[in-house]
1. So what is the relative contact order of the range 217-319, in percent, for Cα pairs below 8 Å that sit 6 or more residues apart?
2. Kindly put 184, 222 in sequence by how many other C-beta atoms sit within 10 Å of each C-beta, fewest to most.
3. If the cut-off is a Cα-Cα distance under 29 Å, which lysines reach residue 76, setting aside same-chain residues fewer than 8 apart in sequence?
4. Based on other C-beta atoms within 10 Å, arrange 186, 251, 237 from fewest to most.
5. Given R₀ = 56 Å, FRET efficiency for residue 251-residue 9 by Cβ-Cβ distance, to 0.05?
Amino acid sequence: MTTPHPTKRPTDATYLADRDTAEEPPDLPRELLNLPWIDIHNHAHTLSWDDRERYALSGCRSMMMVASGYHWTPYKPVEADDIRFLWDDAINRREAIERNHFFEAKLGLGVHTGVRIEDPDELLAAMDAYCALDEVVAVGETGVVPSQHVERWGVDEQQAVVQAQMELADDHGLPVLLHTPNTSTESKRSYRDGLGVTPGYEKNAGLGADPVLDGDNPALESVKRDVAAARDAGLPEGRVVASHADRNNTEYLMEETDCYLSYTIGHSWLVGVDAADVANAIDEYGPGRIMVDTDCANVLRTDPYALKRAIFELYRYGIDVDEIRQVVLENPREVFDFEQ
């Protein structure tokens, strides 16, 4: 037995060197360590300073902070002023966040339809001026939602509000970020009564209203309604980005639309989507219309490092470096017009 290293006793390297089938060490792409990336969907303005610093430390080049979540409004049903407060708060904090953490911070503003809004026309009338702001790079997140929180909002009313936002986006040359409902992962066990069905998600699940869409696949039907709204609004499908893409909607979106897909991997424990799903989509459809986002928010157990981890995972799954770069940097930069 030969000893390739001056170790006191044989190590693994000694045995490997003696094998005829020993493989050459892999030529690892060190550039992945410094590859910048863009998160096109998070709520980082609601996170802690330390969480935003984690984005910066792990290579975040740019991000879009989405200020449309109804979860932060203290009153239900939601009024237009409640949503305006969320938009104004994000606008007010954006510059300081960018200055403190060095990444480019832009905004997505929209009307989320997960709970009924009492006076949506007032809100839509105000959106036009917001869409003209330089820091606003997208409308959203928005989209038809079958599961409603506190009070039901009829599906046709939702779709009309979604379409009105898409018309505004078209007027301003902006993309639209869709909230596409996920199909839930199966739970291994039931939790105690009264402790909620999703520990790690600080929303009162017991306040859910009856669904507004029935049928075998309401999550997919919601996405189809969103696409119909985009077509009726005259918004090019290439300016529609379906966040929360999953195995339930990938085939439809890839084969029957020209929309982009963004896979949300910041809370895989909740929606069951991870880097393997992204790799599978790239293998089947190529990287041209695929992105990745974290959806990190202070109401969720989420991971600011998720996208950086996914970069390494995609390579481990066999995705080429150039394809990884396209998915995490070039596609989002092109669609959302981030800095070069």
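What follows draws every value from the coordinates through simple rules; no lab data is involved. Here the structure is a predicted model, which is why all the values come from computation and not from measurement. When we count neighbours, we look across all protein chains shown, and the Cβ atoms used for this are built from the backbone with ideal geometry, even at glycine.
1. Relative contact order comes out at 23 percent.
2. Placing the least packed residue first, the sequence is 184, 222.
3. In chain and number order, the partners are 106, 203, 224.
4. Listing 186, 251, 237 from fewest to most nearby Cβ atoms yields 186, 251, 237.
5. 0.50
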